[in-house]
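Bear in mind that the values in this text are calculations on the coordinates, not laboratory data. These numbers were taken from a predicted model, which means no experiment stands behind them. Every residue, glycine as well, gets a Cβ built from its backbone with ideal geometry; the counts of neighbours run over all protein chains shown.
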Amino acid sequence: MTTQRKTPASRIKDTDVLLQILDLLPTSLFVKDENLNFVFSNEAHCKVIGSEAEKLLGLSDADFYPKEQAEKFLAADKSVLNSPEAREFLELATSTDGSTIYSLTRKARVVTSDGATYLIGSNTDVTEMKNNEIELEAKEARYRALAETVPVGIWHLHENGKTIYVNPFLLTLLGMTEGEFLATAPKDFLTAASEKGVMEMIGSTARFETDLMARGKVAARVLVVSSGWLNNAGVAGRSVMVTFVDISKVSSLQTVNDEITRLNAELSDKIKMLRATQEEMVKAGRMAQLGQLTATVAHELRNPLAAVRTSAFVLDRKIKGKGMGVEQQLQRIENGVVRCDDIISQLLDFARTRPVQRKLLDLDTWLAKVVEEEAAKLPAVVTIECMLGLDGLVAAIDPERMSRGLINLISNASEALVGKGDELHGDASFVPAINIESGRTVRGIEISVTDNGPGITAENLLRIKEPLFTTKSFGTGLGLSAVEKILEQHGGGLEIKSKPGEGARFTAWFPLIETLEEAA
Amino acid sequence: MARSLSILVLDDNIENADSLAELLSMDDHKVKVAYSGQEAIDAYRATPFDLGFFDVMMPGKNGVDSFLEIRQERPDAKVYFMTGYSAEDLLKKAMEGGALGFFGKPMDLPLVLDVCQQAA
């Protein structure tokens, strides 16, 4: 007989060796018969169950685990025995030391060649993993609770534009239900971003201020803080976490601040205006005083002036034809009276605070008459030309004052050309000429008086309208001020253009008022 | 030569009143002078005048008020006013009360003589 030597490989097939190997495994292994009594348990399983392998044989889970747990295990075992496939269970077991163990159990039915049925199982302790999971869930719940209660809008948005999460505060801010929110396109909330593309904006911009829109209206002013793109573990694509801080109140504070600033500026303007008005009133008060003074002086001077004129007139008649040779002296008296009367008129026009006495008249006809009358009084060397351009236009003006203004401009022009007398400026070929033109412009009526005299220096041009300013050896220096006053009383003004050697152009302008009702 | 008129010159300024009276007298008008409103009223009460030249601004009763009072007794009284300063309100009142017109002082004397001639 030959002795068969066992090879190492066949030795491994030896049950004892196999059992020793199983005992070394960290995974707990067990085998139950069809009655679910243990027929095998490796060392790891013995530790779990808290029993020696020999004592365990023939006993079931019911002998080691609390009743409820044991019933669950046995029910699972039965389902495995009835199934041809291996199954996996997450089981909660109370260890012998009283601690709770999560174990992932794989169980399968095995039928041996002799027809016996067994249940084999393995347990992996997943307590640590499960505890992590629980901790994670708790953390998640904490964060969720935080997100649900924090007074900041939170929006978790996938790059495909789908909302992953929206917190209640954001919905409250928008006055929307979650359903309504989900049905609204992201760009409709953030109109500020619509141009650039909302995804690009919140994906790249860390922080910006904008209006949060709901149904086309501004729901709140918000500070948007974006996390930027996040790579999602386990979820395809990227997402972004966007928070919204309601700064409406801050904005309204800003608005209040702006309003206060604006009011301050307005107040400052009003104060300036008040000061100007005050100055104006003082000026007006002074003018009223001056007006009163002038009226009194005018009255007081014109009475004796009238007596002088009448007496001279009487004298003239008394000596007429008697060859006394005093006509020249009498004329000087009359000239003096006229001159005095002119000065008084200028003073009155300058100081007058009474409203204008408007009458409706054909402007060109009136102008032609005034010019004609005045031309007769001018030195004969001065040629005067009148270009009427108003074509029968009727306007409401104060004819008396306006005439005085015009006469003043004409006599000024004449004096610039030839002085008071007939002495000519310049050479003999010089033809002193005054050109008067009337016409309509956008601002109303313009009447210009142009002379070809010596012109006005820039320095004098600046001061020419100042009261009491004069370059003449005679006159009050009130002439142009009075003319300007008259035009201002008609809502217009006086413009002067001149260069030395190029004559001067005085343009009187005033708005067209066509009816007396309009003037009132 | 036109007929002689009876004229009342009213002016508180004596030189003015007298010189005008003298001028008008030279044209053979019978001229009476009053230096106050009340004097003028009394004069008109005593006798009517063909024409009057009244100053406007005067101490006491002004020319216009005196005229209006005279017009109550003599509604056909014809009066021109003379003024050194256009007291628009008073002149408006005078014109509405029936005044013939007004002259600014110092007056245009040929024009004064003209209106007298027209009235004659």
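Within a 10 angstrom radius of each residue's Cβ in A:335-348, how many Cβ atoms of other chains show up on average? Whole number is fine.
So the per-residue partner count for this stretch is 1.
Between 0 and 90 degrees, the angle of helix A:479-489 with respect to the longest Cα principal axis of chain A falls at about 50 degrees.
Give a quick list of trypsin sites (Lys or Arg not before Pro) in the stretch A:302-359 that DSSP marks as loop, anything other than H, G, I, E or B, with at most 10 other Cβ atoms within 10 Å.
A:Lys320, A:Lys322
Packing-based ranking of A:83-89, A:218-224 yields A:218-224, A:83-89, ordered from highest to lowest mean Cβ neighbour count within 10 Å.
Overall, the anisotropy analysis places the stretch A:8-127 in the oblate class: the square-rooted eigenvalues a ≥ b ≥ c of its C-alpha gyration tensor yield a/c not less than 1.5, with a/b not exceeding b/c.
The eigenvalues of the Cα gyration tensor, multiplied by 5 and square-rooted, give chain A an equivalent ellipsoid with semi-axes of 126, 23, 19 Å from largest to smallest. The residue among A:Leu25, A:Val39, A:Phe208 whose Cα reaches farthest toward the positive pole of the charge dipole of chain A, with charges on the beta-carbon of Lys, Arg, Asp and Glu, is A:Phe208. Close Lys pairs in the stretch B:6-115, defined as Cα atoms under 21 Å apart and 8 or more places apart or on different chains, number 13. Within the shell of other residues whose beta carbon sits under 9 angstrom from the beta carbon of A:Ala108, the net charge comes to +3, with Lys and Arg scored +1 and Asp and Glu -1.
Could you give the Stokes-Einstein D for the stretch A:281-351 in µm² per second, using the C-alpha Kirkwood radius, 4 °C, 1.567 mPa s? Once the numbers are plugged in, D ends up at 93 µm²/s. Placing +1 on the Cβ of every Lys and Arg and -1 on the Cβ of every Asp and Glu, with nothing else charged, gives the stretch A:356-519 a dipole about its Cα centre of roughly 420 debye. Compared with the dominant Cα axis of chain A, that is its longest principal axis, helix A:327-351 is turned about 20°. Ranking A:Phe189, A:Leu146, B:Asn16 by how far each Cα lies toward the positive end of the dipole of the protein assembly as shown (charges on Cβ) leaves A:Leu146 at the top.
Take the alpha carbon gyration tensor of the stretch B:6-115, find the square roots of its eigenvalues, order them as a ≥ b ≥ c, and report rounded if a/c is under 1.5; if not, report prolate when a/b exceeds b/c, else oblate. Here the stretch B:6-115 falls in the rounded category.
Can you tell me how the stretch A:64-157 classifies by the Cα gyration tensor, rounded, prolate or oblate, using a/c under 1.5 as the rounded cut? Prolate, since a/c reaches 1.5 and a/b exceeds b/c. Say the dipole of the stretch A:49-158 comes from +1 at the beta carbon of Lys and Arg and -1 at that of Asp and Glu; which of A:Ser60, A:Trp155, A:Leu92 then lies farthest toward its positive end? Comparing the listed Cα positions along the dipole, A:Trp155 ranks first.
Summing Lys, Arg as +1 and Asp, Glu as -1, what charge do residues with Cβ under 13 Å from the Cβ of A:Ser268 carry, A:Ser268 excluded?
Net local charge, A:Ser268 excluded: +2.
Each label point was placed 7 Å from the Cα along the Cα-to-Cβ direction; for A:Asn335 and A:Glu385 their separation is 3.1 nm.
Extending 7 Å from Cα along the Cβ direction at A:Lys162 and again at A:Thr471 yields two label points whose distance is 9.0 nm.
Between A:Glu54 and A:Met324, the modelled label-to-label distance comes to 18.0 nm, taking each label 7 Å out from Cα in the direction of the beta carbon.
Stretched out fully, how many nm does the piece from A:Thr177 to A:Ser79 gain, at 0.36 nm a residue minus the Cα gap?
Computed gain between A:Thr177 and A:Ser79 is 30.6 nm.
Using the Cβ-Cβ distance between A:Glu517 and A:Val256 with R0 set to 41 Å, the FRET efficiency from 1/(1 + (r/R0)^6) comes to roughly 0.30.
The long axis of helix A:248-319 is offset from the longest Cα principal axis of chain A by roughly 0 degrees.
Quick one: putting +1 on the C-beta of Lys and Arg, -1 on the C-beta of Asp and Glu, what dipole do you get for the stretch A:267-333 around its Cα centre, in Debye to the nearest 20?
Roughly 240 debye, rounded to the nearest 20.
Remark: chain A carries a charge dipole of roughly 1600 debye about the Cα centre, counting +1 on each Lys and Arg Cβ and -1 on each Asp and Glu Cβ.
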